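**Q** Below are the structure tokens for one structure; questions will follow.
The values are calculated or read from the model by the stated rules, or taken from the named source; none is laboratory data. Small disclaimer: the values here were computed from a predicted structure and weren't measured. Note: ideal-geometry Cβ built from the backbone for every residue, glycine included; neighbour counts use all protein chains shown. These accessible areas exclude ligands, DNA and RNA; they are computed on the full protein's heavy atoms, side chains included. Shrake-Rupley method; radii C 1.70, N 1.55, O 1.52, S 1.80 Å.
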Amino acid sequence: MNIVRIGKYQLENNVIVAPMAGITDRPFRQLCRRLGAGLAVSEMLSSNPKVWKTEKSMNRMDHSGESGIRAVQIAGADPELMAQAAQFNVANGAQIIDINMGCPAKKVNKKLAGSALLQFPELVEEIIDAVVNAVDIPVTLKIRTGWDPDNRNGVEIARIAERYGIASLAVHGRTRACMYKGDAEYATIRDIKRSVSIPVVANGDITSPEKAKQVLDYTGADAIMIGRAAQGRPWIFREIDHYLRTGEHLQPPAIAEVRSILMEHLTNLHLFYGEPMGARIARKHVSWYLQTHDSDGQFRRVFNALDNPQAQVVALEQYFKTLAAN
């Protein structure tokens, strides 16, 4: 399998972390990279300059000490503001700019950003053209297969993307109307791959090494992108990479390693966000990690009531001790 190139950057492998709002912050990106992801894209940043200096945006833009290629996703509907956002992030250390035309969230779509843009191919053209010409680093694009099942115009959008200089295209196998419901469909991704020569990344419902291989074989895509399946399971990247390279399964991590990964993630969230934010954000991650172990949710209810970082660490240490003893 060929290793993907995005402009001058060669990825270490073909397994990419999807940008997820409120999730792919620096602690999570670093962890996924360490556990086998070839690229981790930051959560989306608004192209509205009024929010760039807010604490939320500053956290999202923080790439200090980050290993690997720094890819930053921007969202908006105004070509000029998108171009300025791209330049702002390049000045801040971004090495790849990713344009969001895939987010189905209402609050994003009502501003005509995210996947709402798929209804307006001419505006898609203008935005891509403006961003690509504003910066001298590679620009990538993330889309869905179309606006709704009757309007799957992914191939048309992909051709526009290629024509206007997009370096790589990620496609989620659902339309905007499908949100995250039902099963992802990969036929449109296959059609897109056949219609353009830039790298195509397949995304949507890839939850196991076997599924990753099936999707790559079926679509002919150059890489895959993992989103929700990595929540509470960041080692999925090394599992998929290993399977794609060797055809063999890695052993799932032992409980001691799960504990070690979770404690590392927890500590980094506390350090990155400080109090009380770090403890608050840690809750959802801990909940994902422990879904299989804490099946009745008893411990998670206790943990979610803790708002002190030290109390969270103590509770988790005790939880894993009990788990190991059983």
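**Q** Rounded to the nearest 10 Å², what accessible area does Tyr273 show when all protein chains are kept and the probe is 1.4 Å?
**A** For Tyr273, solvent-accessible area is about 30 Å².
**Q** Setting aside same-chain residues fewer than 8 positions from Lys284, which lysines have a Cα under 23 Å from its Cα?
**A** Lys56, Lys106, Lys107, Lys181, Lys321
**Q** How much solvent-accessible surface does Phe320 expose, in Å² to the nearest 10, with a 1.4 Å probe and all protein chains in place?
**A** Surface open to solvent at Phe320 totals about 10 Å².
**Q** Would you mind getting me the FRET efficiency between Arg245 and Gln318? Use the beta-carbon distance for r and R0 = 35 Å, nearest 0.05.
**A** Numbers: r = 39 Å, r/R0 = 1.10.
Calculated value: 0.35.
**Q** How much length is gained if the chain between Asn326 and Gln310 is pulled fully straight, taking 0.36 nm per residue apart and subtracting their Cα-Cα distance, in nm to one decimal? Write down the numbers at each step before the final one.
**A** Numbers: separation 16, 0.36 × 16 = 5.76 nm, distance 2.48 nm.
Taking 0.36 nm per residue and subtracting the Cα distance, the gain is 3.3 nm.
**Q** As a test of the formula, what do you get for the chain when each DSSP H run with n ≥ 4 contributes -39,500 (n - 2.57) and the sum is divided by the residue count, at 222 nm and rounded to the nearest 500 deg cm²/dmol?
**A** Numbers: 13 runs with 143 residues, N = 326.
About -13500 deg cm²/dmol.
**Q** Normalised by the residues of the stretch 253-323, what does the relative contact order come to in percent, with Cα pairs under 8 Å and at least six apart?
**A** On the way: 40 pairs, mean separation 21.6, N = 71.
Computed value for the stretch 253-323: 30 percent relative contact order.
**Q** Two decimals is fine: what is log10 I(q)/I(0) at q = 0.12, 0.13, 0.18, 0.20 Å⁻¹ for the stretch 205-310, from a Debye sum with one equal scatterer on every Cα and no solvent?
**A** -0.51, -0.58, -0.92, -1.03
**Q** While we're looking at this one, here's another question. Whole number please: convex hull volume per residue, Cα atoms of the stretch 253-323, in Å³. All intermediate terms of the calculation are to be shown ahead of the outcome.
**A** Details: hull volume 5.1 nm³, N = 71.
Enclosed volume per residue, from the Cα hull, is 72 Å³.
**Q** What net charge is computed for the residues neighbouring Ala230, neighbours being all others with C-beta under 12 Å from the C-beta of Ala230, Lys and Arg scored +1, Asp and Glu -1?
**A** On the way: positive: Arg29, Arg33, Arg228, Arg233, Arg238; negative: Glu239.
Here the count lands on +4.
**Q** Shifting gears a bit: What figure in square angstrom, to the nearest 10, would you give for the accessible area of Ser168 with a 1.4 Å probe?
**A** Result for Ser168: roughly 10 Å² accessible.
**Q** Residue separation times 0.36 nm, minus the C-alpha to C-alpha distance between Asp296 and Arg228: what's the value?
**A** On the way: separation 68, 0.36 × 68 = 24.48 nm, distance 2.12 nm.
Using 0.36 nm per residue and subtracting the Cα-Cα distance, I get 22.4 nm.
**Q** Could I ask something else about it? Please compute the net charge surrounding Asp307, taking Lys and Arg as +1 and Asp and Glu as -1 over other residues with Cβ under 15 Å from its Cβ. Write down the numbers at each step before the final one.
**A** On the way: positive: Arg280, Arg283, Lys284, Arg300, Arg301; negative: Glu275.
Spelling it out: positives minus negatives among the neighbours equals +4.
**Q** Using a/c under 1.5 as the rounded threshold, could you call the stretch 135-226 rounded, prolate or oblate? The axes a ≥ b ≥ c are square roots of the C-alpha gyration tensor eigenvalues, and prolate needs a/b larger than b/c, oblate otherwise.
**A** Working: a/c = 1.75, a/b = 1.25, b/c = 1.39.
Because a/c hits 1.5 or more and a/b fails to exceed b/c, the stretch 135-226 counts as oblate.
**Q** Additional query: Select from Ile97, Asn2, Val286 the residue farthest towards the positive end of the dipole of the chain; place +1 on Cβ of Lys and Arg, -1 on Cβ of Asp and Glu, and compute about the Cα centre.
**A** Val286
**Q** Expressed as a whole number of Å, what is the distance separating the alpha-carbon centroids of the stretch 159-189 and the stretch 60-125?
**A** Here the two parts' Cα centres lie 16 Å apart.
**Q** Rounded to the nearest 20 debye, what is the charge dipole size of the chain about its Cα centre when +1 sits on each Lys and Arg Cβ and -1 on each Asp and Glu Cβ? Let's see the in-between values first.
**A** Numbers: 39 positive and 35 negative charges, 96 e Å.
Here the chain has a charge dipole of around 460 debye.
**Q** Relative to the longest principal axis of the chain, what angle (0 to 90°, nearest 10) does the C-alpha long axis of helix 309-325 take?
**A** 70 degrees
**Q** Moving to a separate point now. Classify the stretch 3-244 from the C-alpha gyration tensor, please: rounded if a/c falls under 1.5, else prolate or oblate depending on whether a/b exceeds b/c. Present the calculation step by step, with values, prior to reporting the outcome.
**A** Numbers: a/c = 1.42, a/b = 1.07, b/c = 1.32.
Rounded is the answer for the stretch 3-244, as its axis ratio a/c remains below 1.5.
**Q** Output the relative contact order of the chain, whole-number percent, from Cα pairs under 8 angstrom with separation of 6+ residues. Write out the running numbers ahead of the final one.
**A** Values: 614 pairs, mean separation 45.1, N = 326.
With pairs under 8 Å counted, the relative contact order is 14 percent.
**Q** Leaving ligands and nucleic acids out of the surface, order His270, His285 by accessible area at 1.4 Å, largest first.
**A** Values: His270 30, His285 0 Å².
Output order, biggest surface exposure first: His270, His285.
**Q** Still on this structure, please answer the following. Scan around Thr140 for amide H atoms under 5 Å from its own, H built in the peptide plane at 1.01 Å from N, and keep only partners 5 or more places away or cross-chain.
**A** Sorted by chain and number, the residues that satisfy this are Ile97, Asp98, Ile99, Ala167.
**Q** Going highest first, how would you order 70-81, 146-157 by mean Cβ packing within 10 Å?
**A** Details: 70-81: 22.2, 146-157: 17.5.
Descending packing order for the listed peptides: 70-81, 146-157.
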